[in-house]
Amino acid sequence: MNVPLSHVLAVAALLFAIGGICATARRSIIMILVGVEFMLTAACIAFVGGALAWGNLDGQAAAIIVMGVAAAEAAVGLALLVHGRRGGGTAEADDYNRLGGRP
Amino acid sequence: MTTTIALMLLFPLAGAVFQAAFGSRLGRRASGLAAAAAVAGALAAALAAVSGLGVAPRHVGFGQWFAFDGLSVAFSVLYDRVAGLMAVMVTFVALLIHLYSTVYMRHDKAYARYFCYLNLFVFFMLVIALADDLVFLFMGWEGVGFCSFALIGFWHEKLANVDAGRKAFLMTRVGDLGYVAALALLVAAFGHASASELAARAGTLSPGMATAVALLFVFAAFGKSAQLPLSSWLPDAMAGPTPVSALIHAATMVTAGVYLLMRLEPLLAVAPAAGATASLVGAATALYGAVCALGQRDVKRILAYSTISQVGYMFLAAGCGDVSGAFFHLQAHAFFKSLLFMCAGIMIQACREEHDIFRMGRDLRRRMPGLFVLFACGAAALAALPPTSGYFSKGRTLADALAHPGPAFQIAFVLGVVAAFVTALYVFRMVFVAFFAEPDQPARPDHDPAIARMQRPLWPLAFLALVYGFANTPGFMHIKPFLDAYLAGTATPIPPEVEAAELFVASLDAFLALAGLGLAWALYRPARRPAAAADGWLTAGLGLDALYRRSLAGPYCRLAAFLWRGVDEDVLNGGVSAAAAGVSGLSAALRRLGSGRVSASLTALFGAAAAMLLWLALRLA
C-alpha cells in the first residue's frame, strides 16, 4: 500500500470537519443532511483505511453497515422533510424550534 | 391588712378589665359610674387600711414574681404612713376626676376605652405608691407611662395628639434608662432591689456606688416628673382630655418622681451629691416653668408649665431630705392643681373648645360665677397667697433650702424665691385676663347645663386648696403640725434650722405673692385692655424643643435617613438586586443554548466532542 494510514486518517478528519461545519453552519435541512452524509463518509474512509492497514476485514464490514445507516438516515430525513413541508413548514431547520418552548 | 391592700389594688384593676370587656355594651352613664365605683372601692380600702396604721411600716407580700440566678423579685408592699396617705390622696383625687369625667366625656364615643385606661392608671399609680420591691414599682412606673401615652393620644384621629403621646412616651423612657441602670447596680450589689432593703443597707454601699445609684434614680425621677432637661413633653401632653391632664399630668403621675425620691430618702441621705443635684435642678426647673408660663396663651399650657414649676419645688424639698415637706407640697399641689385643671376644662367647654385666655374674659365670670370662685381658690393656692395651702407648703420647701448648708442649696433658694414671685405674676395674669378682661373677639359661649354640673365635684378640692395648709403649719404659728407629727418615725424629723428659717421665709413668701398680685394687676387689669404678645421664646419654652429637635432629633433623623436610603436601600437592597440580576442574566444566556435550534445543539455536541478528544490527546501525549 502506497498511501500511509496517517494520510488516510487526515483526509477522513478533514472530510469530517467539513461535514460538521456544513451541518452546523447551514440552515437548510437538505444541507444539514448533506453535511451528515459527509461525516458518515469520513467515518467510512477511516474504517476502510484501518482495515487495509491492519489487514482486518472488520473495518470493511463496518463500512458496509455505515452505508446502510447512511441510506436509512437519508431516507428518513428526507421523508421527515417532505412531511414537514406538507404540514406548512419550511426547509429551514431553525423553524422547527418547539422544543425550546415559546419565548 | 393584706386583704385591704389587695382590695385597694384589685378594685381599679378589675374596673379596667370590666370596662375593656363590657364597657361599650353598658352604655355611657353606667360605664362611667362603674369606673367611679371601682375607684370609690379603692378609696374605701385605702381609708380602711390607713385608719389603724401605726408608726412601724408593714411589709405585705403577695408572692414571688420571678427568680433566677441570684435575682429575686416579689410582689411585695411596704405600707408605711407615707404610702398610706399617698394611696388615700391618689384614690380621692382620682374619684373626683372620675365623677367629673362622667360629665366631661358626655359626647365622646370612646368612653369605655377612656374609663378603662383611667382605671388602669389608678391601679398602676397605686402600685407605685405601695410597692416595696423596686422591680414591682417599676411595673407601676412603666404602667402609668403607658396609660399616660394612651390617654394623651386618646383622640388619635388627629396626628398631632398621637405625636404628643409618642413624645411623652419617648422622653420619659429616656429617664427610665436611669431607673433600669440603678436597678442593675442594686441587683448586682444586693441580689434584689427593694425600698426597705435599701433603707436598711444604704450605709453598706460604697460612697461612689451610693452616689451613682442615687443620681440614676434622680435622673429617672426627672424624666417622670418633667424636670429639666426632660421637661418638654409635659406641655405637649395637654393634647389629651382635660380630666386626664388633671389626674395624670398634674396630681399623680408627674409627682411619682418626687414620691420615688421620698421612698429612697435613706439612699439620698448617704449620697449628698444626688440630693444637691435634685434640689438645684428642681429649683432651676421651678424658675424655668414659671417664666415659660408667663408667655403662654393656652390655659392648659399655662397650667402645664406651672406643674413643671411646682414639681420643681417638691424636688427642692426632697433633695434637702425633707420627706414630709415634699409630701406636704405634693398633696397641696395635687388638690389645687387638679382643681385648676378641671376648672380649665369647664372654661374650655364653656367657650366651645377655645383654649386661649385672651378670648375668654368677663362674660365667662358673669355667666359662671361658681366657676370663677373655684378657679380663684385654686389660683390663690398656686400663687401662695397666705393663708392657702400653697402658701404653707411652698414656704416649707423654701425654708428647707435656706436651712440646708452648702452653696448649691443657697443658689436653689434664690432661684426658688424668684420663681415664687414669677408664679404669683403668671397666676394672676391668667386670672385677670381670663375672667376680667374684655376681649375684642370673645369666644362663642356654650350654654349646655351639663357644663355647670361639672363644678360639683370640685368644691371639696377648692375647700382643701384653701385650708389644707393648716394640716402642717409652720412652728411660729403654734398650731400642732399634724402631718409632721403623723409622719414622725416614718420620715426623718425636720431639723431645728428649718423651723428657725420658716418665719423669715413665710414673710418673704407672703410679700412676694402680694407683690406678684400687685404687678399682675398693674400690667393686666381690665382697664389696660391686655393684649396677647406675639409668640416668642417664652411661648416656645425657651427653645428647649427646638434645641432637642436640632441637636438630637435632627442628627438622628439624618442618620436614620442615611441608614435607610444609603445603607438599606443602596447597599443591602442593591446587593440583593444585583445578585438577582446576575442570576437572571446567566439564565438568559443559558436559555439561548437550549433554544431547540438544531445548529446550536450540534455546535454544542461538536464542541464537547472536540474538547474531550483534545483532553484525551493531551493525556496520551
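Being of a type in the set (S, T, N, Q), under 16 Å from the mean Cα position of the chain (by Cα) and not in a loop (DSSP other than H, G, I, E, B) is the requirement here; does B:SER309 meet it? Judged against the criteria, B:SER309 is a match. When the test is whether a residue is under 30 Å from B:ASP236 (Cα atoms), assigned by TED's automatic domain parsing to the domain that holds B:GLY390 and not hydroxyl-bearing (Ser, Thr, Tyr), B:GLY516 passes it. Of all residues in segment A:23-55, those being under 15 Å from the mean Cα position of the chain (by Cα) and either in a helix (DSSP H, G or I) or more than 13 Å from chain B (Cβ to nearest Cβ) (or both) number 22. Residues that are small (Gly, Ala, Ser), over 13 Å from B:LEU602 (Cα atoms) and modelled with pLDDT of 90 or more within segment A:9-34 comprise A:ALA10, A:ALA12, A:ALA13, listed in sequence order. Checked against the criterion of being surrounded by fewer than 24 Cβ atoms within 10 Å (Cβ to Cβ) and not β-branched (Val, Ile, Thr), the candidates B:GLY361, B:GLY325 yield just one match: B:GLY361. Residues that are within 29 Å of the chain's Cα centre (by Cα) and free of Cβ contacts under 8 Å to residues at least 12 places away in the same chain are absent from segment B:24-41. Regarding segment B:244-265, can at least one residue be identified that is among the small types (Gly, Ala, Ser), part of a loop (DSSP other than H, G, I, E, B) and either surrounded by fewer than 24 Cβ atoms within 10 Å (Cβ to Cβ) or in the same structural domain as B:LEU519 (by TED's automatic domain parsing) (or both)? No, every residue in segment B:244-265 fails to be among the small types (Gly, Ala, Ser), part of a loop (DSSP other than H, G, I, E, B) and either surrounded by fewer than 24 Cβ atoms within 10 Å (Cβ to Cβ) or in the same structural domain as B:LEU519 (by TED's automatic domain parsing) (or both). Does any residue in segment B:209-232 that is in the same structural domain as B:TYR313 (by TED's automatic domain parsing) come within less than 6 Å, Cβ to Cβ, of a residue that is of a type outside the set (S, T, N, Q) and assigned to a loop (DSSP other than H, G, I, E, B) six or more places away or on a different chain, and which pairs are these? Going by the 6 Å Cβ cut-off, the qualifying pairs are B:ALA210/B:ALA271; B:THR211/B:ALA271; B:ALA214/B:ALA271; B:PHE217/B:LEU264; B:PHE222/B:LEU230; B:GLY223/B:LEU230. The residues of segment A:46-98 that are under 18 Å from A:ILE30 (Cα atoms) and among the acidic types (Asp, Glu), listed by number, are A:GLU73, A:GLU92, A:ASP94, A:ASP95. Of the residues B:VAL467, B:VAL433, the single one that is part of a helix (DSSP H, G or I), touching a Pro at 6+ places or on another chain (Cβ under 8 Å) and touching a residue at least 40 places away in the same chain (Cβ under 8 Å) is B:VAL433. Against the numbered list (1) assigned to a loop (DSSP other than H, G, I, E, B); (2) not assigned by TED's automatic domain parsing to the domain that holds B:LEU230, B:ALA534 comes up short only at (2). If you go through segment B:364-396 and keep only what is more than 30 Å from B:SER279 (Cβ to Cβ), crowded, with 20+ Cβ neighbours inside 10 Å and not aromatic (Phe, Trp, Tyr), you end up with B:LEU364, B:MET368, B:LEU371, B:LEU374.
Looking at B:ARG106, B:ARG166, just one residue is closer than 25 Å to B:LEU26 by Cβ, surrounded by fewer than 22 Cβ atoms within 10 Å (Cβ to Cβ) and in the same structural domain as B:GLU197 (by TED's automatic domain parsing), and that residue is B:ARG106. Restricting segment A:56-97 to residues that are assigned to a loop (DSSP other than H, G, I, E, B) and loosely packed, with under 11 Cβ neighbours inside 10 Å, the residue that is farthest from the other protein chains (Cβ to nearest Cβ) is A:LEU57. Reported count of residues in segment B:315-363, each being outside any helix (DSSP H, G or I) and closer than 24 Å to B:VAL299 by Cβ, is 8. Taken together, B:ALA14, B:ALA42, B:ALA49 contain a single residue that is part of a helix (DSSP H, G or I) and surrounded by fewer than 23 Cβ atoms within 10 Å (Cβ to Cβ), which is B:ALA14. Here B:VAL82 passes the criteria (1) surrounded by fewer than 21 Cβ atoms within 10 Å (Cβ to Cβ); (2) not in a loop (DSSP other than H, G, I, E, B) except the one numbered (1). Applying the condition of being modelled with pLDDT of 75 or more and within 11 Å of chain A (Cβ to nearest Cβ) to segment B:584-598 and asking which residue is farthest from the chain's Cα centre (by Cα) yields B:ARG591. The set of residues from segment B:443-464 being of a type in the set (S, T, N, Q) and in a helix (DSSP H, G or I) is empty. Consider B:GLY63 carefully, then state whether it is assigned by TED's automatic domain parsing to the domain that holds B:CYS351, surrounded by fewer than 21 Cβ atoms within 10 Å (Cβ to Cβ), part of a strand (DSSP E or B) and more than 23 Å from the chain's Cα centre (by Cα). Taking the combined requirement at face value, the residue satisfies it. Among the residues of segment B:377-398, just one is of a type in the set (Phe, Trp, Tyr) and either free of Cβ contacts under 8 Å to residues at least 40 places away in the same chain or within 18 Å of B:TYR426 (Cβ to Cβ) (or both), namely B:TYR391.
The values are calculated or read from the model by the stated rules, or taken from the named source; none is laboratory data. All values reported here derive from a predicted model rather than from experimental measurement. Positions of Cβ are generated from backbone atoms using ideal geometry, with glycine treated the same way; all protein chains shown enter the neighbour counts.
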